[in-house]
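Input: a single structure, listed below in structure tokens.
The values are calculated or read from the model by the stated rules, or taken from the named source; none is laboratory data. Only a predicted model underlies this, so the values are computations on that prediction, with no experimental measurement involved. For neighbour counting, all protein chains shown are included, and Cβ atoms are generated from backbone atoms with ideal geometry for every residue, glycine included. Remember, those area values only see protein heavy atoms, side chains included, never the ligands or the DNA or RNA. Shrake-Rupley method; radii C 1.70, N 1.55, O 1.52, S 1.80 Å.
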Amino acid sequence: MFPLIVAAVLYLSLIWVCGRYAANYAAERGRSLAAWFIWGGLFYPLPYIALALLPPIRKETAV
């Protein structure tokens, strides 16, 4: 039973790290943190690639 608990904790922490990494990248590109956190946690490499290919929402203005 203990190895299953350890495996579950490690797996959930991996999901959290992947989701947070995708969410931070989405925030840089002007996208929703919560939505991309979920997508990143569930399907990590694909959402990150999709974010890289999507154009950023926020437009930088020169001062």
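Just a few scattered comments:
- The chain, accessible surface, carbon-and-sulfur percent (1.4 angstrom probe): 75
- Helix 33-42 and the longest principal axis of the C-alpha atoms of the chain enclose an angle of approximately 40°.
- The chain: relative contact order in percent, alpha carbon pairs under 8 Å with at least 6 residues between: 30
- By the helix-only formula, in which each DSSP H run with n ≥ 4 contributes -39500 (n - 2.57) and the sum is divided by residues, the chain has a 222 nm mean residue ellipticity of -24000 deg cm²/dmol.
- Once the C-beta distance of Leu12 and Ile57 is scaled by a Förster radius of 35 Å, the resulting FRET efficiency is 0.70 to the nearest 0.05.
- Percent of Cα pairs exceeding the 19 Å cut-off, where the set is the chain: 39
- For the chain, the per residue solvent-accessible surface stands at 80 Å², with DNA, RNA and ligands left out and a 1.4 Å probe.
- When each of the peptides 10-18, 31-39, 44-52 is scored by the mean number of other C-beta atoms lying within 10 Å of its residues, the order from highest to lowest reads 31-39, 44-52, 10-18.
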